[in-house]
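Just so you know, all these numbers are worked out from the coordinates, no wet-lab data involved. None of these values were measured; they are calculated from a predicted model. Don't worry about glycine lacking a Cβ; one is built from the backbone with ideal geometry, like all the others, and counts go over all protein chains shown.
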Amino acid sequence: MKPVRKAIFPVAGLGTRFLPATKSIPKEMLPIVDKPLIQYAVEEALAAGIDTLIFVTSRKKHSISDHFDRAFELETKLAASGKLELLECITDIIPSNITRAEVSQLETLGLGHAVNCARGLIGDEPFAVLLADDLIKTSGPGCLQQLISQYEQTGQSTIAVQSIAAEESDQYGMIKPSSSDRKVLSIVEKPAPEDAPSQLAVVGRYVLTPEIFPLFDDLGAGSGGEIQLTDAIALLIKEQAVGYCEFSGRRYDCGSKVGFIEATVDYALERPELRGKILHHIRKSLN
Ligand code: G1P
């Protein structure tokens, strides 16, 4: 079985749910406390052993590559003023032995289209997909690491799922699970609650086998008029088993304002230097 070494980060979306903030800043650069969402996802991938990071990007997303580049002027200033902790947090976010590549998605035609844009760089290997606006906090191994461990046991594409409220099914890819062997029996993008096959929703972490790529060739627009990754996975299920992983960890939907604020509060409360002040502020505001 080939190891999962490459990860795709689709970052070409328009981020309309966060306008006006995302008019000129990619939504993946919005920070939770002091770190952009994309960096959390990259760190999760690196911790899972990924050595090639592929950003599927578009115009106006230069700040993402800038973020992972060296910033010589800033580094020189921080070094000269002895601010070594700050210096450390901006250098080598991506270690030098890691390959970073960018592919353009010229038109934002959907998540499936974005993943297929990286096809030429993936080749004949299994790969991961991480959606940075799903921020996943775990106490043990990261979510992607959990998926890769399951992939290493089964050799099957594996997608992260979690249980959601029935009325939210129209915001997610929804699966029909075979609980005896953790296989996906069917998958559908954003069904109405009455059509949802279960309450298990797809979260933005996937390990996929390369056999998914040819399935994009004849894939038309699906839900929302977009080329959906979910629809390609539905075709893949007809050819080979696809597993699901009910990962352990808390997922924040940072594509929504409520999820973004929940993450901000929780991550801030975990920081000893912020916790007391934030709690004090919340108590004061509630009174
Ligand atoms: C995408 C996927 C969907 C998945 C979701 C998880 O949807 O298409 O299947 O459940 O991410 O965050 P989006 O939120 O980009 O509309």
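If I model a spin label as a point 7 Å beyond the Cα along the Cα-Cβ vector, how far apart are those points for Leu235 and Glu152 in nm?
With each label placed 7 Å out from Cα toward Cβ, I get 3.2 nm.
Please report the projected area of segment 102-242's Cα convex hull averaged over all directions, in nm². Before the final figure, lay out the partial values.
Numbers: hull surface 35.8 nm².
In nm², the orientation-averaged hull projection of segment 102-242 is 8.9.
In a Gaussian network model over the chain where Cα atoms closer than 10 Å are linked, find which of Glu168, Glu88, Glu239 has the largest mean-square fluctuation.
Fluctuation is largest for Glu88.
Apply the a/c threshold of 1.5 to the C-alpha gyration tensor of segment 1-113 and tell me whether it is rounded, prolate or oblate. List each step's numbers first, then the result.
Numbers: a/c = 2.11, a/b = 1.25, b/c = 1.69.
Oblate, because a/c is 1.5 or more while a/b does not exceed b/c.
From the P(r) of the chain, can you give the percent of Cα pairs sitting at distances over 36 Å?
Working: 6527 of 41041 pairs.
Looking at the chain, the distances longer than 36 Å represent 16 percent of pairs.
If you place +1 on the Cβ of every Lys and Arg, -1 on the Cβ of every Asp and Glu, and leave all else neutral, what size is the dipole of the chain about its Cα centre, to the nearest 20 Debye?
On the way: 30 positive and 38 negative charges, 164 e Å.
About 780 debye.
Once every DSSP H run of n ≥ 4 in the chain is given -39500 (n - 2.57) and the sum is divided by its residues, what mean residue ellipticity at 222 nm do you get, rounded to the nearest 500 deg cm²/dmol?
On the way: 10 runs with 96 residues, N = 287.
Taking each H run of at least 4 residues, the total per residue is -9500 deg cm²/dmol.
What is the magnitude of the charge dipole of segment 153-236 about its Cα centre, with +1 placed on the Cβ of each Lys and Arg, -1 on the Cβ of each Asp and Glu, and no other charges, expressed in debye to the nearest 20? All intermediate terms of the calculation are to be shown ahead of the outcome.
Values: 5 positive and 12 negative charges, 84 e Å.
Around 400 debye, computed over segment 153-236.
What percent does the relative contact order of the chain come to when contacts are Cα pairs within less than 8 Å and at least six residues apart? The partial results should precede the final answer.
Values: 510 pairs, mean separation 62.3, N = 287.
Taking the mean separation of contacting Cα pairs over the length of the chain, I get 22 percent.
Enumerate the calculated ³J(HN,Hα) couplings along segment 111-125 in order (Karplus 6.51 cos²θ - 1.76 cosθ + 1.60, θ = phi - 60°), each rounded to whole Hz, writing x wherever the residue is Gly or Pro.
Calculated HN-Hα couplings, in order: 5, x, 4, 4, 5, 5, 4, 8, 3, x, 8, 8, x, 9, 10 Hz.
In this model, which of Lys61/Lys277; Lys6/Lys27; Lys137/Lys190; Lys61/Lys137; Lys190/Lys277; Lys60/Lys284 are farther than 31 Å apart at the alpha-carbon? If you can, show how the numbers build up before the last one.
Numbers: Lys61/Lys277 34 Å; Lys6/Lys27 23 Å; Lys137/Lys190 24 Å; Lys61/Lys137 25 Å; Lys190/Lys277 40 Å; Lys60/Lys284 40 Å.
Distance filter (> 31 Å) returns Lys61/Lys277; Lys190/Lys277; Lys60/Lys284.
Take every Cα pair under 8 Å in segment 116-224 that's 6+ residues apart, average their separations, divide by the length, and report that relative contact order as a whole percent.
Numbers: 162 pairs, mean separation 38.7, N = 109.
Reported relative contact order: 35 percent.
Determine the relative contact order of segment 48-207: mean sequence separation of Cα pairs under 8 Å and six or more apart, normalised by residue count, in whole percent. Before the final figure, lay out each step's value.
Numbers: 197 pairs, mean separation 35.1, N = 160.
It rounds to 22 percent for segment 48-207.
Order of Met174, Met1, Met29 from fewest to most other C-beta atoms within 10 Å? Can you show the working numbers first?
Working: Met174 26, Met1 9, Met29 20.
So the ranking, lowest neighbour count to highest, is Met1, Met29, Met174.
Could you please rank Ile175, Ile64, placing first whichever residue has the fewest other Cβ atoms within 10 Å of its Cβ?
Details: Ile175 27, Ile64 23.
Least to most surrounded, the residues fall as Ile64, Ile175.
Picking from Phe9, Gln146, Gly249, whose Cα lies most toward the positive end of the charge dipole for the chain (charges on Cβ: Lys, Arg +1; Asp, Glu -1)?
Checking the options against the dipole of the chain, the answer is Gly249.
If you rank Thr108, Thr158, Thr22 by fewest surrounding Cβ atoms within 10 Å, what's the result?
Working: Thr108 14, Thr158 32, Thr22 18.
The order, fewest Cβ neighbours first, is Thr108, Thr22, Thr158.
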